[in-house]
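J.: Got a structure here, written out as structure tokens. Questions coming.
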Amino acid sequence: MKFCSIASGSSGNCIFAGSSHTSVLVDAGISGKRIEQGLNGLDMTTKDIDGILVTHEHSDHIKGLGVLARRYGLPIYGTKGTLDAVADMPNIGKIPEGLFHVVRTDTDFSVGDLTIHPFAISHDAAEPCGYRISHDGKSAAVATDMGCYDDYIVENLKGLDVLLLESNHDVHMLQAGRYPYYLKRRIMSDKGHLSNETSGQLLCRVLHDNIREIFLGHLSKENNYEALAFETVSDEITLGDNPYKSKDFRISIAHRDRAGEPAIF
């Protein structure tokens, strides 16, 4: 399998995952041009994509969805609540109904030779979900836009080869920053976003000897920065109640403004 963050952050998200025969995007929250450029770096084009998995309807996850779907006839997969919300958004434009494919959380479905497992997440959207993508005994997951986690999330993130996990904000930066109070409350709520500390605590519960790579994603432009996210998560792992230290794993940042190096596993 191959897994690559084309863009991940509060200003736009798009993740590539695929086998040698099937390729999907998780979200399309940046322009079609940027998505194409990211795919070109993988020696691919948008014409090689077999579908788009949508986590939820917020603009930083669907900004380029309408253009890609209409131009290339790409199937769009999402929960009923998410797809209904997408269809009602005027800035996305009209998407042919035949391209929408409703999925259910905790029920596997297939795109080509990929097995996709959607799992419910806690976020202030219609019916949001994360995705676990598997092929030939290997698996990767995208888990962002989660205000909190529980045993259910932990179970869905166990045994992965690759994980892109939200590390959205530093609590102190957010509290001292210029966001209005209501927005600070939203971000820190159970339907908001994971902080760096909470991301590290969640990782402590899903790490295992054979995990290949961890990407920290969906960093806030205003309330976080890459070195801080990396250091905070690393400290949580090293000092946490688990047998590992952060240096035992390959941990990197999924960048906001450019594609990263792909994980091949």
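J.: Mind checking which residues of region 216-245 are of a type in the set (S, T, Y), assigned to a helix (DSSP H, G or I) and open to solvent by 30 Å² or more (accessible area, probe 1.4 Å)? Steps first, please.
T.: Pass one, region 216-245, residues of a type in the set (S, T, Y): 220, 225, 232, 234, 238, 244.
Those still in the list that are assigned to a helix (DSSP H, G or I) too: 232, 234, 238.
Hit for region 216-245 is T238, nothing else.
J.: Would you mind stating whether V142 is of a type outside the set (D, E), surrounded by 15 or more Cβ atoms within 10 Å (Cβ to Cβ) and more than 29 Å from F265 (Cβ to Cβ)?
T.: no
J.: Keeping to region 181-203, report how many residues are open to solvent by 60 Å² or more (accessible area, probe 1.4 Å) and either in contact with a Leu (Cβ under 7 Å, 6 or more places away or on another chain) or farther than 18 Å from I237 by Cβ (or both).
T.: Within region 181-203, residues that are open to solvent by 60 Å² or more (accessible area, probe 1.4 Å) and either in contact with a Leu (Cβ under 7 Å, 6 or more places away or on another chain) or farther than 18 Å from I237 by Cβ (or both) number 7.
J.: Inspect region 93-108 for any residue being aliphatic (A, V, I, L, M), modelled with pLDDT under 95 and in a loop (DSSP other than H, G, I, E, B) and give the result as yes or no.
T.: Looking for residues that are aliphatic (A, V, I, L, M), modelled with pLDDT under 95 and in a loop (DSSP other than H, G, I, E, B), one finds at least one in region 93-108, hence yes.
J.: If you don't mind, another one. All but one of (1) in contact with a His (Cβ under 8 Å, 6 or more places away or on another chain); (2) open to solvent by less than 70 Å² (accessible area, probe 1.4 Å) hold for V162; state the number of the condition that does not hold.
T.: (1)
Results for (1) open to solvent by less than 30 Å² (accessible area, probe 1.4 Å); (2) among the hydrophobic types (A, V, I, L, M, F, W, C); (3) without any contact (Cβ under 8 Å) to a residue 24 or more places away in the chain, shown as yes or no for each residue.
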site	(1), (2), (3)
L74	yes, yes, no
T82	yes, no, no
P90	no, no, yes
F119	yes, yes, no
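J.: Something else: In region 11-32, is there at least one residue being farther than 28 Å from D136 by Cα and more than 15 Å from the chain's Cα centre (by Cα)?
T.: So far as region 11-32 goes, yes, one or more of its residues are farther than 28 Å from D136 by Cα and more than 15 Å from the chain's Cα centre (by Cα).
J.: Looking for something under 22 Å from H101 (Cβ atoms), without any contact (Cβ under 8 Å) to a residue 60 or more places away in the chain, assigned to a strand (DSSP E or B) and not charged (D, E, K, R) - is there at least one such residue anywhere in region 43-66?
T.: yes
The values are calculated or read from the model by the stated rules, or taken from the named source; none is laboratory data. Note that this is a predicted model, so its numbers are computed, not measured. Every residue, glycine among them, receives a Cβ derived from its backbone with ideal geometry; neighbour counts consider all protein chains shown. Side chains included, ligands, DNA and RNA excluded: accessible areas come from the protein's heavy atoms. Shrake-Rupley method; radii C 1.70, N 1.55, O 1.52, S 1.80 Å.
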